[in-house]
Amino acid sequence: MTPPSTPSVPPAGPFAGSSRLNGTRRAVELDALAGRPQVDLLVIGGGVTGAGVALDAAARGLRTVLVESRDLAFGTSRWSSKLVHGGLRYLASGRIGVARESAVERGVLMTRTAPHLVRALPQLVPLLPDLLRPGQGALIRAGFHAGDALRLSAGTPGALLPRVRRIDAERTRRLVPGVRTAGLRGALVAHDGQLVDDARLVLALARTAAQYGATVLTRVRAEDVTGGSARLVDTVGGHELTISAGAVINATGVWAGEVDPSIRLRPSRGTHVLVDAAALGHPTAALTVPVPGSTSRFVFALPQQLGRVAIGLTDEDAPGPIPDEPVPTDGEITFLLDTVNAALSTALTRADVRGAYAGLRPLIDTGGGNTADISREHAVLESPSGMVTVVGGKLTTYRRMAEDAVDAAVRLRGLPARACWTARLPLVGAPGHRDSRPLPERGVPASLLARHGGTAAEVLEAGELTPVAEGIDVTRAEIAYAVTHEGALDAADVLHRRTRIGLVADDAQRAAKAVDEILAERQEG
């Protein structure tokens, strides 16, 4: 069935039509689920894929429940480069289908679903002696032009992502002031998409899913999972309940094999280090440095929110038990600094590193070889119990992964669902979302607007616009809003997943007192 031109929000429960997530809603919806434990679809995992699945299913009219044992965006989804890739890297390795899919989904994010969270980012390859091997500059230029052809084929306008060009040395220095100047002959520049924050995309998906009727429950662990049931454990209150579901989708990423033992993954670790933007002269473009000895790998120095630059990333085998929070190795940090220093006028040292983080990619185990060579295609698999598992893929293509997973569940279990329409469904905060509101002409911090888009006016009503701590451009209002509207249950949720202050330990320590105060006020209220 073709979805209506303007699908309506399902009128169900006391929170019908509301995107607000908080402790009160969580408690009420847990009680409601205990009283009516039959659902159409149970989604396990609150990362970008799980949140995307919940939105897809709820928008099709299915009674949907998402459970996450920790917090939204707790795992891999918050440890990315924050890039919305157009597929250039996959094109370079001959994976045309994956590259095309990436370009299409990048266009969907930037033009319809989340344009408030994604901006065009110049990616700059400096033309420096000894940085590029003979002929490598021509290869990179050809690759950039191929990426531009992908953009055209995906229908993304050039006004949004400008075409490839070569710039002179002066313009290169303006974009990346810290670039090495000796022998600089300019740079090649292409554009890609960049998220203000990956965790905020997950949050927007989860809130939009809730608005369309999904029950979104954090701190709820799924045990004894089959293709049609699960025992849910509330790790806050200690209560348990067993629910039955028309279908169960396992979207737990690198933990997928713990939910479905038939799944075999081979995680790879991607590490980033964080430095102050001042160390590179406050760049406005991503410095792109070829990895010595490779034709398709690069290290990026990416401008970030909160006055940082993230330098990444690695691709290392990560065998063994899956940790809650992967830890970068000394070798990876050294590799990243050494590689990027080849293009800098002043070398970065360990003293410049303000923080570091690592994420695990949930790659499908295809046997031997380097993890960098394993396909980033996703797979939707049916387990012997009838559970549907979606694995592989990448952040940019979360929407297509979700669509394929729900399609499979609908087909295999005969669920009564409309066709997918998420490619034209604006998320909470997007300009096209029905709840987005105009802002006052002045007085709104640019950083707040970048993080919240059309909900910024709502954030302004939540509290004061004073910074949560000196030198941190996160306001007290944003902390309060995280508790009242964004499902944050404790200080770790606020610091590490709603604001990302926690990426730098010193910042988290300075902000902790104010965060605790605001949490106490809002939770008591």
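Here the contact order of the range 80-150, divided by its residue count and restricted to Cα pairs under 8 Å and six or more residues apart, works out to 38 percent. Across the range 208-312, Cα pairs under 8 Å and at least six residues apart give a relative contact order of 15 percent. Spatial offset of the range 249-322 relative to the range 193-209 amounts to 18 Å, using the alpha carbon center of each.
Each part gets one Cα centre, and for the range 122-178 versus the range 75-105 those centres are 17 Å apart. In a fully extended conformation the segment linking E382 and A520 would gain 45.2 nm over its present Cα-Cα distance, using 0.36 nm per residue.
Can you tally the net charge around R269? Count Lys and Arg as +1, Asp and Glu as -1, for every other residue whose Cβ sits under 12 Å from the Cβ of R269. Before the final figure, lay out each step's value.
Numbers: positive: R266, R361; negative: D315, E316, D317, E325, E332.
With Lys, Arg at +1 and Asp, Glu at -1, the net is -3.
Restriction of the trypsin sites (Lys or Arg not before Pro) in the range 115-176 to DSSP coil positions whose beta-carbon has at most 15 other beta-carbons within 10 angstrom yields R163. 3J(HN,Hα) along the range 410-425, derived from phi through the Karplus expression 6.51 cos²θ - 1.76 cosθ + 1.60 where θ = phi - 60°, amounts to 4, 5, 6, 10, x, 6, x, 10, 6, 6, 5, 9, 5, 5, 10, 9 Hz, with x in place of Gly and Pro. Footprinting exposure proxy ranking of H191, H452, H239, fewest other C-beta atoms within 10 angstrom first, gives H239, H191, H452.
Among S69, S18, which comes first, second and so on when ranked by fewest other beta-carbon atoms within 10 Å?
On the way: S69 20, S18 15.
Lowest to highest Cβ neighbour count: S18, S69.
Here Cα Rg over 2.2 N^0.38 Å was calculated from the structure, and among (1) 0.95; (2) 1.26; (3) 1.39 it sits at label (1). Look at S294, S447, S385 and count the other Cβ atoms within 10 Å of each Cβ; fewest to most, that gives S294, S385, S447.
Sequence-ordered 3J(HN,Hα) estimates for the range 156-167 from the Karplus curve with 6.51, -1.76 and 1.60 and θ = phi - 60° stand at 7, x, x, 5, 8, 10, x, 6, 5, 8, 9, 10 Hz, glycine and proline given as x.
Here each label is just a point 7 Å from Cα along the line to Cβ, and for A120 and S18 those points are 4.0 nm apart.
Starting from the range 10-95, pick out the trypsin sites (Lys or Arg not before Pro) whose DSSP state is loop and whose Cβ has at most 10 other Cβ atoms within 10 Å. Intermediate results must be reported in sequence, preceding the final value.
Numbers: sites: R20, R25, R26, R60, R63, R70, R78, K82, R89, R95; in loops: R20, R60, R63, R70, K82, R95.
Passing sites in the range 10-95 do not exist.
For the charge dipole of the chain, defined by +1 on Lys and Arg C-beta atoms and -1 on Asp and Glu C-beta atoms about the Cα centroid, which residue among V406, P362, L127 has the Cα displaced farthest towards the positive pole? Of the options given, the answer is L127.
Hey, can you rank 308-317, 43-52 by average C-beta count inside 10 Å, highest first? Let's see the in-between values first.
Details: 308-317: 22.9, 43-52: 31.2.
Packing proxy ranking, top to bottom: 43-52, 308-317.
Working from Cα pairs under 8 Å separated by at least six residues, relative contact order for the chain is 21 percent.
FYI, it's all coordinate maths here, none of it is from the lab. All figures in this text were calculated on a predicted structure; none of them were measured in a lab. Positions of Cβ are backbone-derived with ideal geometry, glycine not excepted, and every protein chain shown enters the neighbour counts.
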